[in-house]
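Participant: Pasting in a structure now, in structure tokens, and then I'll have a few things to ask.
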Amino acid sequence: MQDNQAQADYWSSESGLKWIAFETELDLAFSAVDEALIAWSAPQPGESVLDIGCGTGATTRTFASHVIPGGKICAVDISPPLLRHAQSQSDGATAETRYYLADAQTDQIPGAPFDLVISRFGSMFFADPVSAFGNIRQQMRPNGRLVLAAWAKVKGNPWFEVPKDGATEQLGSLDQSDPNAPGPLGFQNADRVVGILKDAGFQNVIGETIRAHLTHPGPVDRVAALASNIGPAARILKKYNGTAQDIDEITRYVISKFRDFEGEKGIRIPANLNFFSARNLDLS
Ligand SMILES: C[S@@+](CC[C@H](N)C(=O)[O-])C[C@H]1O[C@@H](n2cnc3c(N)ncnc32)[C@H](O)[C@@H]1O
């Protein structure tokens, strides 16, 4: 089985730590994703929840407020600095919340078994996804639910397409890699992921592309700075050792395109997301 050390390194590097620097912007923009995760997974008071790849912990905190009274939540991440940050943000005002440094592909997670396992953009990075979801499933209660949010393909997803175009124009392209390789777009092929979840032993597996809007009160330059510093632009900047001036140029490009999404209530960027749900019906 391949390990996930490269992901642990990436998410602990300067590129990964931008998720802390832009935390406020990201959590505003991605709150629509949390809403969809809540709608798909229907967390109940008293349930025990696992958040995979919690990052800075916004989704953990959202779910913690949906399982009171009596519920608890475990949040795991492979990046020590992101996990430490999530832990420092925990307000302790809602459900009991525990944070663990873990590779969800291989590790036994304290707090198992779980009624519900969720992830906002944290489950597309496994080197061996069938093993990973097999390991996760074994830590779920019989009849437990799994709900994942991931990105659909770049085309039609301006959040990815625009900064990628800007960074490619400024610096160059990323190598033509396997479109399903571990990474932010690793789950863009919903049928393939449905197959992975079935191979990992899940049943009632559904994969669907949904339309959402990433919204932010603005101004547009904050949102553009965010999109220019994470995702594909970040990976291109890392590959070409991009400078602060390169980031400024990419951000200028993104601002010019994101203006199209500006309205009275701020910025509304249409997004295609792949959502997955599945059950652990293994009653053994
Ligand atoms: C795109 S970020 C999403 C963070 C957070 N869920 C959010 O939406 O803000 C992906 C997260 O998955 C974590 N991650 C990647 N591979 C992992 C693994 N094998 N086990 C646990 N966490 C992992 C990364 O460290 C990172 O924090």
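The values are calculated or read from the model by the stated rules, or taken from the named source; none is laboratory data. If you're wondering where the values come from, they're calculated on a predicted model, not measured in any experiment. Quick reminder, even Gly has a Cβ in these numbers, built from the backbone with ideal geometry, and neighbours come from all protein chains shown. Accessible surface areas use protein heavy atoms only, side chains included; no ligands, DNA or RNA. Shrake-Rupley method; radii C 1.70, N 1.55, O 1.52, S 1.80 Å.
Participant: Pairs please, first residue from the stretch 3-24 and farther than 12 Å from residue 81 by Cβ and touching a residue at least 40 places away in the same chain (Cβ under 8 Å), second anywhere and within 8 Å of the ligand (Cβ to nearest atom) and of a type in the set (Asp, Glu), Cβ atoms under 7 Å, 6+ apart in sequence or on different chains.
Facilitator: Matching pairs, first to second residue: 4/103.
Participant: Every residue in the stretch 64-90 that is within 14 Å of the ligand (Cβ to nearest atom) and open to solvent by 70 Å² or more (accessible area, probe 1.4 Å), please.
Facilitator: 84, 87, 89
Participant: Additional query: When you scan the stretch 80-116, how many residues do you find that are over 15 Å from residue 55 (Cα atoms) and outside any loop (DSSP other than H, G, I, E, B)? Break it down stepwise before answering.
Facilitator: Residues of the stretch 80-116 over 15 Å from residue 55 (Cα atoms): 91-96, 105-116.
Next, only the ones that are outside any loop (DSSP other than H, G, I, E, B) stay: 96, 114-116.
Residues flagged as over 15 Å from residue 55 (Cα atoms) and outside any loop (DSSP other than H, G, I, E, B) within the stretch 80-116 amount to 4.
Participant: Further question: Look through the stretch 165-194, keep the residues that are of a type in the set (Gly, Ala, Ser) and more than 16 Å from the ligand (Cβ to nearest atom), and return whichever of them is most open to solvent (accessible area, probe 1.4 Å).
Facilitator: Taking the stretch 165-194 as the starting set, the residues that turn out to be of a type in the set (Gly, Ala, Ser) are 166-167, 172-173, 177, 181, 183, 186, 190.
Then keep just the ones that are more than 16 Å from the ligand (Cβ to nearest atom); that gives 166-167, 172-173, 177, 190.
Details: 166: 5, 167: 0, 172: 15, 173: 61, 177: 78, 190: 17 Å².
Out of the qualifying residues, it is 177.
Participant: Turning to a different aspect of this structure: What pairs come up if the first residue lies in the stretch 48-76 and is over 18 Å from residue 35 (Cα atoms) and in contact (Cβ under 8 Å) with a residue 60 or more places away in the chain, the second is open to solvent by 10 Å² or more (accessible area, probe 1.4 Å) and not acidic (Asp, Glu), and their beta carbons are under 6 Å apart, counting only those six or more places apart or on different chains?
Facilitator: 48/72
Participant: Still on this structure, I have one more. Identify all residues within the stretch 118-146 that are more than 13 Å from the ligand (Cβ to nearest atom) and closer than 23 Å to residue 30 by Cβ; write none if there are none.
Facilitator: Result: 145, 146.
Participant: So, one more: Quickly run through the stretch 33-74 and pick out the residues that are closer than 17 Å to residue 136 by Cβ and of a type in the set (A, V, I, L, M).
Facilitator: 37, 49, 50, 52, 73, listed by residue number.
Participant: Let me ask something additional. For the subset of the stretch 25-41 comprising residues that are more than 10 Å from the ligand (Cβ to nearest atom), more than 22 Å from residue 109 (Cβ to Cβ) and without any contact (Cβ under 8 Å) to a residue 60 or more places away in the chain, which member is least open to solvent (accessible area, probe 1.4 Å)?
Facilitator: 39
Participant: Would you please name the residue that is least open to solvent (accessible area, probe 1.4 Å), looking only at residues in the stretch 4-24 that are within 8 Å of the ligand (Cβ to nearest atom), in contact with a Leu (Cβ under 7 Å, 6 or more places away or on another chain) and of a type in the set (A, V, I, L, M, F, W, C)?
Facilitator: Restricting to residues being within 8 Å of the ligand (Cβ to nearest atom), in contact with a Leu (Cβ under 7 Å, 6 or more places away or on another chain) and of a type in the set (A, V, I, L, M, F, W, C), the top hit is 11.
Participant: Right, here's the next one. Give the number of residues within the stretch 91-117 that are away from the ligand (no atom under 11 Å from the Cβ), among the aliphatic types (A, V, I, L, M) and surrounded by fewer than 20 Cβ atoms within 10 Å (Cβ to Cβ). I'd like the intermediate steps shown before the answer.
Facilitator: So the first thing to find is which residues in the stretch 91-117 are away from the ligand (no atom under 11 Å from the Cβ), and the list is 91-99, 108, 110-117.
This time we only want the ones that are among the aliphatic types (A, V, I, L, M), so: 93, 95, 112, 116-117.
From the residues that got through so far, the ones that are surrounded by fewer than 20 Cβ atoms within 10 Å (Cβ to Cβ) too are 93, 112.
The qualifying residues number 2.
Participant: Need a quick list: helices (runs of 4 or more DSSP H) entirely within the stretch 175-280 having at least 2 residues that are hydroxyl-bearing (Ser, Thr, Tyr). Write out each step before concluding.
Facilitator: Working: elements: 190-199, 220-229, 231-239, 244-258.
Because the criterion is at least 2 residues that are hydroxyl-bearing (Ser, Thr, Tyr), the helices (runs of 4 or more DSSP H) in the stretch 175-280 that meet it are 244-258.
Participant: Further, regarding this structure: Of the conditions (1) among the hydroxyl-bearing types (Ser, Thr, Tyr); (2) open to solvent by less than 70 Å² (accessible area, probe 1.4 Å); (3) modelled with pLDDT of 95 or more, residue 228 fails just one. Which one is it?
Facilitator: (3)
Participant: Suppose we keep only residues that are of a type in the set (S, T, N, Q), surrounded by fewer than 23 Cβ atoms within 10 Å (Cβ to Cβ) and in contact with a strand residue (DSSP E or B) (Cβ under 7 Å, 6 or more places away or on another chain) within the stretch 118-155. Which one would you say is nearest to residue 191 (Cα to Cα)? Break it down into steps so the answer makes sense when it comes.
Facilitator: We begin by selecting, within the stretch 118-155, every residue of a type in the set (S, T, N, Q); these are 119, 123, 131, 135, 138-139, 143.
Right, trim to surrounded by fewer than 23 Cβ atoms within 10 Å (Cβ to Cβ) and you get 131, 135, 138-139, 143.
Of the ones still in play, those that are also in contact with a strand residue (DSSP E or B) (Cβ under 7 Å, 6 or more places away or on another chain) are 139, 143.
Details: 139: 24, 143: 23 Å.
Per the criteria, the residue is 143.
Participant: Residues in the stretch 63-80: is at least one among the hydroxyl-bearing types (Ser, Thr, Tyr) and touching a strand residue (DSSP E or B) at 6+ places or on another chain (Cβ under 6 Å)?
Facilitator: Let us first name the residues in the stretch 63-80 that are among the hydroxyl-bearing types (Ser, Thr, Tyr), namely 65, 79.
Adding the requirement that they be touching a strand residue (DSSP E or B) at 6+ places or on another chain (Cβ under 6 Å) leaves none.
Checked the stretch 63-80: no residue is among the hydroxyl-bearing types (Ser, Thr, Tyr) and touching a strand residue (DSSP E or B) at 6+ places or on another chain (Cβ under 6 Å).
Participant: Considering only the stretch 268-284, I want to know if a residue exists there that is free of Cβ contacts under 8 Å to residues at least 60 places away in the same chain and under 23 Å from the mean Cα position of the chain (by Cα).
Facilitator: Yes, the stretch 268-284 contains at least one residue that is free of Cβ contacts under 8 Å to residues at least 60 places away in the same chain and under 23 Å from the mean Cα position of the chain (by Cα).
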